[in-house]
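The values are calculated or read from the model by the stated rules, or taken from the named source; none is laboratory data. Predicted model, so just to flag it, every value in this text is computed and none were measured. Cβ coordinates were reconstructed from backbone atoms using ideal geometry, including for glycine residues, and neighbour counts include every protein chain displayed.
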Amino acid sequence: MFEGMSEEEARAYLVKLAGDYCEKYHQRKPYAPGDHINYGGRFYDRDEMEKLVDASLEFWLTAGRYTRQFEKEFSDYLGVRFCSVVNSGSSANLLAFRALTSPLLKERAVKPGDEVITVACGFPTTVAPLMQYGAVPVFVDVTIPQYNIDVTQLEAAFREGKSKAVMIAHTLGNPFDLTAVKDFCDRHGLWLVEDNCDALGSEYLLGGRKVKTGTVGDIGTSSFYPPHHMTMGEGGAVYTDDPLLHRIVRSLRDWGRDCSCESGQDNRCGHRYDGQFGELPPAYDHKYVYSHLGYNLKATDLQAAVGVAQLKKLDSFTKARREHFDYLKEGLKDLAGKLVLPEACEGSVPSWFGFMLCCGEKLERAALVRHLEGQGVQTRMLFSGNLIKHPCFDGIRGTDAYRVAGSLENTDRIMRDGFWIGVYPGMTGEMMDVMIRELHRGVEAQNV
């Protein structure tokens, strides 16, 4: 097959062949009545397949040139200085929080027993890292119909000498009130971690300047799980403008090592054997000096190669999500008295991850969801609903392992009455018409 070909020519041939294979066997089938309508999923073409095969033929496998390319291009897209690719969005949240516990931050480091303000209505891995470390989450309520932190409760949640950070997500692509939260953190000297896993591409008008979510706080995180705004299959990213935080994130991601050489690289700094670290012997090999008790949370170059291709499409994905959200909202506006329709945060342009709905007083969520699922329309809860009601809190409920500031009235209502449907780029007008029709039928069936 490769007779007379150079290695470069053979590689180009195989890469093109993979793209041709994708076009023949991975084409999306047109929607047919009765097909299942997923809330999200992968949206890709031959470019992703070609880059994946190209990375596999190189067989570097771990983080390499595609990872470096993605980190540079993703940083440029967001407008931040530093980006670290990791193996999942949950790992990104883990690294973002654990970076704040580094002794390199001196008196600003978060310590066990310190408090972090957050919400219970969200995905658990926004909260899990701080509890696993021994910090104390302070849960405040959220608003309806924005489904983000109620900023009027921030001051009541704050405790002088105890509060050290705010770590919250932009819910389903809808930015939280960044003006209020950033001002609160600045006034009290708190760290701000933006869980941007569901909001990549969302924008916010901050001080008269349009910024992307994830770039306002000290650290931002993203997830590249298949239903998200772009995908690597698994994968995530941590990003920041702070050189020290970036150094800490890289150390924690890469086993806790002090050395900043890339994988397969030696002595980039030229001082590999002339340092003194801790109580180690003089001139100990810097590649094996550890400044943190870290992890190995790197992604592979195969994942990053897919990410490079996906990033080129991200703006078009964002445009489609916004259009689909608007289409659903227009089609459901006559149900506004029976279903609470979502609203964007003032001053924001969301890149919607989903279309959130909350049932009115007389409407039963379980019956409506069963109807939709029975007609092939996939639904999802707003993740944990109220995290402290879950079995993972059984052994600590009512202890000082966490604190609730004020009432979680809206959080509990969302847990009882809320659900959401998809707006991902693979949706078509016909699919959304079915979703709108079945929501109307499901509501009408309850005679409310």
Per-region count, the range 18-51, residues surrounded by 12 or more Cβ atoms within 10 Å (Cβ to Cβ), assigned to a helix (DSSP H, G or I) and among the basic types (Lys, Arg): 2
Residues (surrounded by fewer than 24 Cβ atoms within 10 Å (Cβ to Cβ) and in a loop (DSSP other than H, G, I, E, B)) located in the range 193-208: Gly207, Gly208
Residues satisfying the stated conditions in the range 293-313, i.e. of a type in the set (D, E, K, R) and either farther than 15 Å from Ser84 by Cα or assigned to a helix (DSSP H, G or I) (or both): Asp301, Lys312, Lys313
The range 300-339, subset touching a residue at least 60 places away in the same chain (Cβ under 8 Å), among the small types (Gly, Ala, Ser) and surrounded by fewer than 20 Cβ atoms within 10 Å (Cβ to Cβ), residue farthest from Tyr77 (Cα to Cα): Gly331
Selection within the range 356-376 - crowded, with 24+ Cβ neighbours inside 10 Å and either modelled with pLDDT under 95 or part of a strand (DSSP E or B) (or both): Met356, Leu357
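Within the group Ser351, Ser316, which residue is closer than 24 Å to Arg42 by Cβ, among the small types (Gly, Ala, Ser), in the same structural domain as Thr379 (by TED's automatic domain parsing) and part of a loop (DSSP other than H, G, I, E, B)? Write out each step before concluding.
Values: Ser316 fails: part of a loop (DSSP other than H, G, I, E, B).
Only one candidate qualifies: Ser351.
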Only listed residue being of a type outside the set (A, V, I, L, M, F, W, C), surrounded by 15 or more Cβ atoms within 10 Å (Cβ to Cβ) and in contact with a strand residue (DSSP E or B) (Cβ under 8 Å, 6 or more places away or on another chain), chosen from Ser88, Ser56: Ser88
Close pairs from the range 166-180: first more than 21 Å from Ala405 (Cα to Cα), partner assigned to a helix (DSSP H, G or I), Cβ under 8 Å, at least 6 apart: Gly173/Arg321
Residue check for Leu61: in contact with a helix residue (DSSP H, G or I) (Cβ under 9 Å, 6 or more places away or on another chain), without any contact (Cβ under 8 Å) to a residue 60 or more places away in the chain, in the same structural domain as Tyr239 (by TED's automatic domain parsing) and of a type in the set (A, V, I, L, M, F, W, C): no
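Return the residue satisfying two criteria in turn: it lies in the range 319-348 and is assigned to a strand (DSSP E or B) and not polar (S, T, N, Q), and of such residues it is farthest from the chain's Cα centre (by Cα). Lay out the reasoning, then the answer.
Of the residues in the range 319-348, the ones assigned to a strand (DSSP E or B) are 339-340, 348.
When the remaining residues are screened for being not polar (S, T, N, Q), the result is 339-340.
Details: Leu339: 27, Val340: 25 Å.
Only one residue fits best here, namely Leu339.
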